[in-house]
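Engineer: This is the structure I have questions about; it appears just below.
The values are calculated or read from the model by the stated rules, or taken from the named source; none is laboratory data. Everything numeric here is computed off the predicted structure, so don't read it as measured data. Using ideal geometry, Cβ is built from the backbone for each residue, glycine included, and neighbour counts are taken over all protein chains shown.
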Amino acid sequence: MCGISGFVDHQATSTENILENMTHTLSHRGPDGAGTEFLQELNFQVGLGHRRLSIIDLSDKGKQPMHHKHLWITFNGEIYNYKEIKNELLSLDHEFSGGSDTEVILHAYQQWGSDCVLKFIGMFAFVIYDANADELICARDRAGIKPFFYYMYNGLFLFSSELKAFHQHPGFKKEINLDAVAAFMQYGNVPTPHCIFLNCYKLKPGHVLTYNCSTRELNSHKYWDVYTAYNKPKLQLSFDEARSETENVLKSAFNYRMVSDVPVGVFLSGGYDSTCVSALLQKDRTEKLKTFTIAVPDFGLNEAPFAKEIASYLGTEHHEFDCTEKEAFELLDDLPYYYDEPFADSSAIPTMLICKKAHEQVKVALSADGADEVFAGYNRYDYVMKFGKFLHRIPGVLRKGTSHIMDKIPAASVPFLNHSYNFANRYEKLKGLLHDPSSRNLMKSLSQQFGEKDLTTLLRSPFQHVDTAYDSKELHGASSSALSYMMAIDYQTYLMDDILQKVDRASMSTGLEARDPFLDHRISEWAAQLPDHYKYHKGVKKHLLKEIVHQYVPKKLMDRPKMGFAIPVEKWLSGKLREKVDHYLNEEKLERQGIFEVRVITHLKTDFFSGKTELGVKIWYLLMFQMWYETWME
């Protein structure tokens, strides 16, 4: 895993020094080396930059940018099945000089063109410059594990693993996209394919982008989509057959993620997902698997005793890291630099802590992210299966009539309930769900912090709703269901724009490679075709996955409530962060900035500090945006 950056410049304003500066901003992603290639073509300049984190082929033959005939590549990620692909290419008379997966990608592209991505099992974002065709080919993995930003304006095409590289090019105009600000205030991130800056985008997962350097044409095509699997008929097989075959698919995916020329470890929380990864990997190994757990007892995040018990039962080499609230608090000021687009998931802080500690022992760590989206593990799926069905049983006339009456009665006027925790927010969401109890509306209601009505008062300027995967209508198979819909939406939204972005930036901030075995596309395709009741069974989430784990770890060791992985936002904001809130959300600063309605934020602050702790997350979103703004715009 590494960091990539570069450009195609038709105005000939770029230099090798600019390219080196862009690449240097990504040094935390690749502390083991750097490389650049500056090509002066007839009518344009091409720059390719790379920061290296050496995982496979540690020799100089793995250095990038890499050159083969008329092709150049800069690559971030890992192709786990590169040895099998290499053998196939050898049979087709290809010759290799080294042992890296990067060289395999170059030869695979030479052989199969952009269809080569269909052969890859892995996580990747890469750019290939084809000098014969005057084309730049950009590709991103199926789940969007590896980030890829691009910018196109006034004859300049930029690309990078992180936005901070763009700031080093004088042709980059850092103009804020106000529609993206609105989306951030809703979701706590800027949804793909949008970006916080105008003329800047994220490449969608499962897509290949081609930029013709001669005609300046930009074309994108989708090579993979999770909906393809969800739209297929459900598999007809017994539960025992499903459990056996699922375990085989999991084992293959997990073992691929152990491919490395450096030590590999596993993040173990003691929950079902990480225990599944650890158990299946340790089962067939004589050497002990390295497992890692972090505990921050100061704010109730202490899974260490459970993880230790699981690790002892499995026989792993276990490492516990105890961190103080002070250590977590000190990371706060680093967030806007590493998360160089507004990002509001507070669990980024403990995630950075465990990555920092794990890096002291290993260079690669396996995470269990993705299991909830693939095997139905989120609490919100209970709402779909229970509350959603309840709402649909209410006659439409009665639902809409009740919603209309609630429109006339403000939440503050409802006796008794108006003083309960988060009542106003719940009241507004219930109104919307009574009016429209569809899975789409329920999903948005559960995912948004600031609703559409909130935003019209919060933001000074009019904004447009940005198209996101939340608006997808691609699920249309005969066996589609509300559960399938929400899992597919989560896979394309919360997973990619929150979880994967959080883990990528947190791990890369310390030069640690994080791998996500549950996001092997073969698992996603297989699980999508399993009957819903194998995943969600009589109120039990991740039923199938849990039954697999119970074959290796006694159920009594696993039965406990799922713990969160976030800081106590309300406590921090009303205590240690009070000064930061006052600094970043002061009226003069907000007025000068001109994005938000000052009176609305002042009212939010007053209510929060007066005891309405349910407003804490909204205040946190605003604080994270303001800290980002001061870091990158002032």
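Engineer: Could you give every pair whose Cβ atoms fall below 7 Å, whose first residue belongs to the range 468-497 and is aromatic (Phe, Trp, Tyr), and whose second residue is in a loop (DSSP other than H, G, I, E, B), counting only separations of at least 6 or pairs across chains?
Structural biologist: Going by the 7 Å Cβ cut-off, the qualifying pairs are Tyr470/Thr493; Tyr485/Leu475.
Engineer: State the number of residues belonging to the range 444-496 that are in contact with a Gly (Cβ under 9 Å, 6 or more places away or on another chain) and among the hydrophobic types (A, V, I, L, M, F, W, C).
Structural biologist: Result for the range 444-496: 3.
For every residue, the table says whether it meets (1) in contact with a Cys (Cβ under 9 Å, 6 or more places away or on another chain); (2) part of a strand (DSSP E or B); (3) of a type in the set (Gly, Ala, Ser).
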{"position": "Glu37", "(1), (2), (3)": "no, yes, no"}
{"position": "Leu42", "(1), (2), (3)": "no, no, no"}
{"position": "Val46", "(1), (2), (3)": "yes, yes, no"}
{"position": "Arg51", "(1), (2), (3)": "yes, yes, no"}
{"position": "Lys61", "(1), (2), (3)": "no, no, no"}
{"position": "Gln64", "(1), (2), (3)": "yes, no, no"}
{"position": "His67", "(1), (2), (3)": "no, yes, no"}
{"position": "Trp72", "(1), (2), (3)": "no, yes, no"}
{"position": "Phe75", "(1), (2), (3)": "yes, yes, no"}
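Engineer: Return the pairs, sorted by first residue and then second, in which the second residue is aliphatic (A, V, I, L, M) and surrounded by fewer than 20 Cβ atoms within 10 Å (Cβ to Cβ), the first residue lies in the range 185-211 and is without any contact (Cβ under 8 Å) to a residue 12 or more places away in the chain, the beta carbons are less than 7 Å apart, and the residues are 6+ apart or on different chains.
Structural biologist: Going by the 7 Å Cβ cut-off, there are no qualifying pairs.
Results for (1) surrounded by 17 or more Cβ atoms within 10 Å (Cβ to Cβ); (2) over 31 Å from the mean Cα position of the chain (by Cα); (3) in the same structural domain as Lys174 (by TED's automatic domain parsing); (4) closer than 27 Å to Asp179 by Cβ, shown as yes or no for each residue.
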{"position": "Lys576", "(1), (2), (3), (4)": "no, no, no, no"}
{"position": "Leu590", "(1), (2), (3), (4)": "yes, no, no, yes"}
{"position": "Val600", "(1), (2), (3), (4)": "no, no, no, yes"}
{"position": "Lys605", "(1), (2), (3), (4)": "yes, no, no, yes"}
{"position": "Ser610", "(1), (2), (3), (4)": "no, yes, no, no"}
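Engineer: Let me ask you something else. Given the criterion in contact with a Phe, Trp or Tyr (Cβ under 7 Å, 6 or more places away or on another chain) and either modelled with pLDDT of 95 or more or surrounded by fewer than 22 Cβ atoms within 10 Å (Cβ to Cβ) (or both), identify the matching residue among Ser312, Ser347. Give the steps one after another, and end with the answer.
Structural biologist: On the way: Ser312 fails: in contact with a Phe, Trp or Tyr (Cβ under 7 Å, 6 or more places away or on another chain).
Going through Ser312, Ser347 in turn, just one is in contact with a Phe, Trp or Tyr (Cβ under 7 Å, 6 or more places away or on another chain) and either modelled with pLDDT of 95 or more or surrounded by fewer than 22 Cβ atoms within 10 Å (Cβ to Cβ) (or both): Ser347.
Engineer: Condition (residue is hydroxyl-bearing (Ser, Thr, Tyr) and at pLDDT 95 or above) applied to the range 510-521: is it met by at least one residue? Write out each step before concluding.
Structural biologist: Start the filter on the range 510-521 by keeping residues that are hydroxyl-bearing (Ser, Thr, Tyr), which leaves 510.
Next, only the ones that are at pLDDT 95 or above stay: none.
Within the range 510-521, not a single residue is hydroxyl-bearing (Ser, Thr, Tyr) and at pLDDT 95 or above.
Engineer: Has the range 80-87 got at least one residue that is surrounded by fewer than 22 Cβ atoms within 10 Å (Cβ to Cβ) and among the hydrophobic types (A, V, I, L, M, F, W, C)? Lay out the reasoning, then the answer.
Structural biologist: Applying the first criterion (surrounded by fewer than 22 Cβ atoms within 10 Å (Cβ to Cβ)) to the range 80-87 yields 81, 83-87.
Subsequent filtering for residues that are among the hydrophobic types (A, V, I, L, M, F, W, C) retains 85.
Within the range 80-87, one or more residues are surrounded by fewer than 22 Cβ atoms within 10 Å (Cβ to Cβ) and among the hydrophobic types (A, V, I, L, M, F, W, C).
Engineer: Could you please let me know if Glu597 is in contact with a strand residue (DSSP E or B) (Cβ under 8 Å, 6 or more places away or on another chain), at pLDDT 90 or above and either of a type in the set (Val, Ile, Thr) or within 17 Å of Phe184 (Cα to Cα) (or both)?
Structural biologist: Values: in contact with a strand residue (DSSP E or B) (Cβ under 8 Å, 6 or more places away or on another chain): yes; at pLDDT 90 or above: yes; either of a type in the set (Val, Ile, Thr) or within 17 Å of Phe184 (Cα to Cα) (or both): yes.
The answer is yes for Glu597.
Engineer: Tally up the residues in the range 109-167 that are touching a strand residue (DSSP E or B) at 6+ places or on another chain (Cβ under 7 Å) and assigned to a helix (DSSP H, G or I), please.
Structural biologist: 7
Engineer: Moving to a separate point now. Please determine, by comparing only the residues of the range 97-114 that are at pLDDT below 95 and either touching a Cys at 6+ places or on another chain (Cβ under 6 Å) or surrounded by fewer than 17 Cβ atoms within 10 Å (Cβ to Cβ) (or both), which one is farthest from Lys61 (Cα to Cα).
Structural biologist: Among them, the one singled out is Ser97.
Engineer: Which residues, taken from the range 452-480, are assigned to a helix (DSSP H, G or I) and either surrounded by 14 or more Cβ atoms within 10 Å (Cβ to Cβ) or under 22 Å from the mean Cα position of the chain (by Cα) (or both)? So that I can check it myself, show each step before the final result.
Structural biologist: Taking the range 452-480 first, the residues assigned to a helix (DSSP H, G or I) are 452-458, 469-471.
Listed by number, the residues that qualify are Asp454, Leu455, Leu458, Ala469, Tyr470, Asp471.
Engineer: Going through the range 31-54 one residue at a time, which ones are surrounded by fewer than 18 Cβ atoms within 10 Å (Cβ to Cβ) and within 25 Å of the chain's Cα centre (by Cα)?
Structural biologist: The answer is Pro31, Asp32.
Engineer: Let me ask something else. Ala344: within 30 Å of Ala182 (Cα to Cα) and among the small types (Gly, Ala, Ser), yes or no?
Structural biologist: Numbers: within 30 Å of Ala182 (Cα to Cα): yes; among the small types (Gly, Ala, Ser): yes.
Yes.
Engineer: If you don't mind, there's one more thing I want to ask. Identify the single condition in (1) outside any helix (DSSP H, G or I); (2) in contact (Cβ under 8 Å) with a residue 40 or more places away in the chain that Ala279 does not satisfy, given that it satisfies every other one.
Structural biologist: All conditions pass for Ala279, except number (1).
Engineer: Is there any pair with a first residue in the range 148-177 that is over 22 Å from Ser214 (Cα atoms) and outside the structural domain of Ile595 (by TED's automatic domain parsing) and a second that is surrounded by fewer than 18 Cβ atoms within 10 Å (Cβ to Cβ) and among the aromatic types (Phe, Trp, Tyr) whose Cβ atoms are under 8 Å apart and which are 6 or more apart or on different chains, and what are they?
Structural biologist: Here the result reads Lys164/Tyr337; Lys173/Tyr153, each pair linking the range 148-177 to a residue that is surrounded by fewer than 18 Cβ atoms within 10 Å (Cβ to Cβ) and among the aromatic types (Phe, Trp, Tyr).
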